[in-house]
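Please treat every number below as a calculation from the coordinates, not as lab data. Since this is a predicted model, take the numbers as computed values, not measurements. No Cβ is skipped: glycine too gets one built from the backbone with ideal geometry, and neighbour counts run over all protein chains shown.
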Amino acid sequence: MNWLSNFIRPKISSLVGAKKDVPDNLWQKCPSCDGMLFHRDLSEAQNVCYHCGHHLPVSVTERLAILFDDGAYKEIKVRPVPVDPLRFKDRKRYTDRLKEAQAKTKRADAFIVAEGTIKGQKAVIMAFDFAFMGGSMGAAVGEAILVGAQTAVAHKAAFVVVPSSGGARMQEGMVSLMQMPRSIIAVNMVKDAKLPYIVLLTDPTTGGVSASFAMVGDVHIAEPGAMIGFAGKRVIQETIREALPEGFQTAEYLLQHGMIDMVVPRKELADTMGRIIEILMVKAKPYSPKGKSGSGSGLGKFVKGKANGAVEDKAKAAGAVAKKAGIAAKAKAIKEIALPRELSNEKPNDAQENVQQAGQEARAA
Amino acid sequence: MSQLEFEKPILELEAKIIELQNMSGDAGFNIADEISRLRQKTDRLMVQTYSKLQPDQIVQVARHPERPHALNYIEAIIEDYTPLSGDRNFAEDDAIVGGLGRFRGQSCVVIGHEKGHDTQTRIKHNFGMARPEGYRKAQRLMDMADQFGLPVITLIDTAGAYPGVGAEERGQSEAIARSIEKCLRIGTPIVSVVIGEGGSGGAIAIATANKIYMLQHSIYSVISPEGCASILWRSATHAKDAAIALRLTAQDLKELGLVDGIIAEPLGGAHRHKQDTINSVADYIEKGLKELSGLSPDALRKHRSDKFIAMGR
């Protein structure tokens with residue numbers, strides 16, 4: 001902008017007429033494949049590129065909507081903590097940075113704690129809001145993890161944490177570092193109550209966040225392509241002065257190196273999580289010897305790979321049959337059983353009916 | 001001996017005194033007067049300098065290569081020290097040293113970051129920057145302490161966990177997280193002393209203790225002042241500002257209620273008075289262990305838990 005555009009242009013444009021009111025963010029480019037993405041299609045695809053499968057970031061509220069059944073959840077209040085313990089000031093005051101972030105995100109700090117069901121399983125989710133100061137962990141975030149864990153224990157629900165964070169919040173100095181043990185104390189409460197503690201590692205999970213509660217989960221699930229690590233790439237490169245291996249610190253790399261259990265595409269997250277929680281929650285359910293013997297081969301294993309629609313329906317059907325026999329198993333969990341049956345000519349419609357029936361039973365239970 | 005910039009006037013006077021002392025054998029009598037005059041001047045200057053050390057100067061003292069390191073302490077205060085090695089999974093990591101021994105007559109497990117004191121030992125100990133194996137060895141030793149009912153003494157002195165490809169591949173994050181978890185889970189007392197640099201996650205991995213003491217001129221921080229400056233000020237030249245803002249000195253952290261006590265260093269810092277410093281540290285460890293003695297395993301766990309839950313409220 002200069003005097004020309006400020007003073008001359010407005011006059012001309014007023015002659016020509018006001019600019020057409022067209023939002024300019026209808027299309028965006030996929031950062032991975034450069035494919036053009038239409039906003040409505042993209043949001044329908046849960047912000048996953050429909051050309052190449054690249055996972056773009058989702059907001060923390062979308063995240064909860066994806067994971068909880070029907071996108072329904074109840075937000076849990078977290079008591080406020082003392083603000084700015086250090087009276088920190090760099091080029092800007094920390095309190096000003098906080099206010100800006102609060103105005104931007106309409107959130108008290110970089111988290112949301114919510115309760116609901118994931119595929120019918122009770123769960124409390126504590127999710128980081130990366131839009132709030134890079135999802136950094138200070139006392140308020142530590143408090144949110146504690147509140148989430150305590151709620152899970154009180155309601156006998158699974159506890160799911162979804163980090164998306166650069167690490168500890170520098171502006172809170174050592175108070176932020178102390179959130180590392182504090183968060184581990186929180187998740188230990190969940191573990192001591194024999195409730196499942198699942199970590200969904202999303203892009204990015206680094207520093208003090210990865211080196212605390214995020215790496216002590218019962219099950220570690222990561223989203224494809226998520227950056228996960230302790231030290232930053234630049235720091236490592238400056239230390240070793242060598243090129244980093246390809247794919248270094250990605251979810252897939254960590255899977256190869258044994259640090260996480262699985263990399264799961266966004267649209268399969270809720271199913272996977274619900275299934276795991278249901279399997280792990282046996283302690284919360286009455287012992288049923290009949291169901292146990294009946295389930296045998298199906299419960300423990302899970303065949304990976306995409307099933308086509310019909311096979312999937314049959315999987316669900318098998319699941320429904322299993323349900324009738326009193327087995328606490330999700331339909332998809334026993335896809336393995338269903339696969340050989342593909343050869344038989346069971347009608348998909350029957351399967352659908354069975355599934356619905358099973359669903360009703362589940363609700364009744 | 002490496003020199004700290006702000007100590008230069010003191011070091012010059014000290015050099016002069018030594019010079020005069022060497023001359024005194026063959027020259028006149030008023031040299032003794034001159035020496036004592038210089039000594040007084042040095043002492044005055046030392047008091048002046050060390051009574052108002054700025055945070056960035058404390059950072060330099062905390063990193064002083066002549067400061068006593070973990071092995072100096074262990075050698076001096078742990079009888080029958082028996083070092084143990086290896087994480088039983090992948091390797092031995094000398095950045096974290098530790099083993100069994102007796103502290104003032106009491107059987108114990110001791111663990112510490114060791115930086116090394118010359119080129120050879122610094123390389124051997126990787127400058128005190130541990131890889132996952134170091135933290136896994138620490139976990140092993142803490143398990144042993146738990147099994148045999150031994151208190152754990154940890155000596156903190158690291159710039160941080162090692163940032164390397166292998167370290168990441170073998171789960172640096174997981175190793176630190178599990179180490180913190182282990183600290184919280186064991187049923188015997190843990191007393192930690194920050195003797196030099198308390199560098200972020202790499203430090204707290206073995207410092208999640210019932211009692212945390214800091215030497216007067218040690219630092220404990222979530223990030224190095226240089227790292228903080230390069231991120232928040234966009235320039236490492238602001239390290240001095242960052243050192244102040246981060247409140248990383250013993251005094252600051254005591255005020256914030258994050259550490260339990262400050263161990264005074266003799267005038268001129270630990271690097272000038274190694275033995276005195278080591279003795280003071282030992283006294284504090286004894287004090288800490290005494291305060292924790294008689295507590296049941298559950299009470300000790302609860303003590304740690306309550307202590308860290310309160311941090312941030």
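What net charge do the residues around B:His125 carry, taking every other residue with its C-beta under 12 Å from that of B:His125, with Lys and Arg at +1 and Asp and Glu at -1?
-2
Using modelled backbone amide H atoms (1.01 Å from N, in-plane), which distant-in-sequence or interchain residues come within less than 5 Å of A:Lys119's amide H?
A:Asp69
Name the residue from B:Gly201, B:His125, B:Gly171 whose Cα lies farthest towards the positive end of the charge dipole of region B:101-206, charges +1 on Cβ of Lys and Arg and -1 on Cβ of Asp and Glu.
Sorting the options by dipole projection puts first B:His125.
Classify region B:171-274: rounded, prolate or oblate, from the alpha-carbon gyration tensor (a ≥ b ≥ c, eigenvalue square roots; a/c under 1.5 rounded; otherwise prolate if a/b is larger than b/c)?
Since a/c reaches 1.5 but b/c is at least a/b, the shape of region B:171-274 is classed as oblate.
How large is ³J(HN,Hα), in whole Hz, for each residue of region B:98-110 in order, when computed from phi with the Karplus curve 6.51 cos²θ - 1.76 cosθ + 1.60 and θ = phi - 60°, using x for Gly and Pro?
x, x, 9, x, 10, 9, 6, x, 9, 4, 7, 10, 10
Within chain B, what's the longest run with no chymotrypsin sites (Phe, Trp or Tyr not before Pro) in a DSSP loop and at most 14 other beta-carbon atoms within 10 Å? Give the range, please. Working shown, then result.
Working: sites that count: B:Phe29, B:Phe90.
Value returned for the longest uninterrupted segment is B:91-313.
Find out how many positive minus negative residues lie around A:Gly217, taking Lys and Arg as positive, Asp and Glu as negative, among other residues whose Cβ is under 11 Å from that of A:Gly217.
Charge balance near A:Gly217 sits at -2.
Label B:Glu34 and B:Asp306 with points 7 Å out from Cα along Cα→Cβ: what is the distance between them in nm?
In this crude label model, B:Glu34 to B:Asp306 measures out at 6.4 nm.
Tally Lys and Arg at +1 and Asp and Glu at -1 over the other residues with C-beta under 10 Å from the C-beta of B:Val59: what net charge comes out? Numbers along the way, then the final one.
On the way: positive: B:Arg63, B:Lys240; negative: B:Asp56, B:Glu197, B:Glu226.
So the surrounding residues net to -1.
Let me make sure I get this right: for region B:5-52, a, b and c are the square roots of the gyration tensor eigenvalues over alpha carbons, sorted descending. Under 1.5 in a/c it's rounded, otherwise prolate if a/b > b/c, else oblate. Which is it?
oblate
Test of understanding: in a Gaussian network model of chain B with alpha carbons linked when under 10 Å, which of B:Arg63, B:Arg272, B:Arg37 would top the mean-square fluctuation ranking?
In this elastic network of chain B, the residue with the biggest mean-square fluctuation among B:Arg63, B:Arg272, B:Arg37 is B:Arg37.
Measure of size requested: the Rg and Dmax of chain B, with Cα atoms as the atom set and Å as the unit; please supply both.
20.8, 71
With label points built 7 Å along Cα→Cβ from the Cα atoms of B:Lys8 and B:Gln21, find their separation and express it in nm.
2.4
Aspartates and glutamates within cross-link reach of A:Lys122: Cα-Cα under 16 Å, excluding same-chain residues under 8 positions apart?
The qualifying aspartates and glutamates are A:Asp69, A:Asp70, A:Glu75, A:Asp271, A:Glu278.
Which semi-axis lengths, in whole Å and largest first, follow from the square roots of five times the eigenvalues of the Cα gyration tensor of region B:228-313?
In descending order the semi-axes read 31, 23, 9 Å.
What are the ³J(HN,Hα) values, in whole Hz, obtained from phi via the Karplus relation 6.51 cos²θ - 1.76 cosθ + 1.60 with θ = phi - 60°, for each residue of region B:231-248 in sequence order, with x given for Gly and Pro?
8, 7, 9, 6, 6, 5, 5, 8, 4, 5, 4, 5, 4, 6, 5, 6, 6, 9
HN-Hα J couplings of region A:126-135 from phi, Karplus 6.51/-1.76/1.60, θ = phi - 60°, integer Hz, Gly and Pro as x?
Result, rounded to whole Hz: 10, 10, 7, 9, 5, 5, 9, 6, x, x.
Which of the pairs B:Lys182/B:Lys302; A:Lys233/B:Lys240; A:Lys191/B:Lys302 have their Cα atoms more than 18 Å apart in this structure?
Long pairs (Cα-Cα over 18 Å): A:Lys233/B:Lys240.
Would you mind classifying region A:134-268 by shape? Square roots of the alpha carbon gyration tensor eigenvalues, ordered a ≥ b ≥ c; an a/c under 1.5 is rounded, otherwise it is prolate if a/b is larger than b/c and oblate if not.
Numbers: a/c = 2.40, a/b = 1.35, b/c = 1.78.
Judged from the Cα gyration tensor, region A:134-268 comes out oblate (a/c at least 1.5, b/c at or above a/b).
Using label points projected 7 Å from each Cα along Cα→Cβ, tell me how many nm separate B:Ala299 and B:Gln54, to one decimal.
Each label point is offset 7 Å from its Cα along the Cβ direction, giving 4.8 nm.
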